[in-house]
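Quick note: the coordinates plus some simple rules give every number you see, no bench work behind them. Here the structure is a predicted model, which means the values were calculated and not measured. Backbone-built Cβ (ideal geometry, glycine too); neighbour counts: all protein chains shown.
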């Protein structure tokens, strides 16, 4: 009540200042500054990220993590790629009266080594759910007084955090690293000072970070200039660096990044959505500090033929096996240069955004000998594919090694899905992603009834509406495919809750549900799920990716949240 009254007082003061200024009367600058400071402090208190919340009544504000456990947590941070310290911690917990916590850590570590479609994955997940149903609330107290309800447990611990500003990270992460092994961090803002990155580098939590996502559309370009001045030892654990999401770091920022020893251990780099000119791309390809890079995100940069040529001929990315790229709409030869180059011959995964000249892409694919693309296992195409182009894709002999096909956001209609269901390529596909297209029940029914799905393990058909595919889900309940699939992702609302309940209770697959909007059904309690441990709730479809639509450079076929976005979805649904 007192806080609400204080908020109203601040708003009244702000309106009063505005009214006085409108009639031409000068107010003291000190009052304006004071009111602005109070409002900013209030906004930051209720901002995004690890949000400070009042302790529950009767609950102690100190961390439930004992001092004896701090050395174990520090050991986990010091060896981010090794699970041995976590398993040693689990042994200590079991010996000191916490066998359930120890079991949970071991279960999640074992499950992290399996694919989602592995039968053992499902069995481990069931036991995890049983443990979380009883102990989750107590285990989340490890990070109090910071709100972590939306953060998943990763290999037994709360390892990720989102901070709305560098200042919040500076103040809060000092205490967090003594409570949880904080390894994945997203920072949403920097101030005008050019020393923000140096402040980040010198923070006690930074040496333990394996994933760092930075978002600042105003000042991040200035911060990049400090990268070469930072000590590489401070970023010794960094493996994933996400600078995507229209940060405007520019060519100068990329040049500073590419020349810094701090990125020598980075294996995944996302620069999608930035204004990266030819000079920046040239600096990136000539870098001697990014030789360990295995995944590169260049979505939204719209590369020309010359830039694709520079990436292919001059890049020192000997370990690169994954590329996400957008090609220029005014340069039809960029596709040809990409398909004919040497880089694509060692790629295992290619995500290509080509809204223009898709026919040119299939022309080139038909000319490429199958042995040239033998290593390619994952193909993602985003654009507008016609029925004829889907048919050409299904007949492409050069794609015989593809096991994961991602055709999301292609305006694929029922006729196109019928053509895909009859494509010879589908006989080799194990993971199929058709998210955000325009098909309805006839197309999905044709796909489910296709005789070419003998290898299919996971299927994503979530759209922004549920009504058109309810009949198709009824078909799936009667189909043998129901017992073959290990994972199904669909949209979820009151409209199709009944058929999804029947499907979940009559199959062994994991159902990943995407609510139609953020006010959709938020939990599985009381909805009649017989085995709620097999239900996952992802972020709503109308919210987009939680972290600024960053490219989905995830490590496994349909892992959500994406590795780059670091969002929290995909955890076990609460009972």
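Annotations for the structure displayed:
- Ranking of 234, 478 by count of other Cβ atoms within 10 Å, fewest first: 478, 234
- Exposure proxy ranking, count of Cβ atoms within 10 Å, fewest first, for 88, 249: 88, 249
- For 89, 195, order by how many other beta-carbon atoms lie within 10 Å, fewest first: 195, 89
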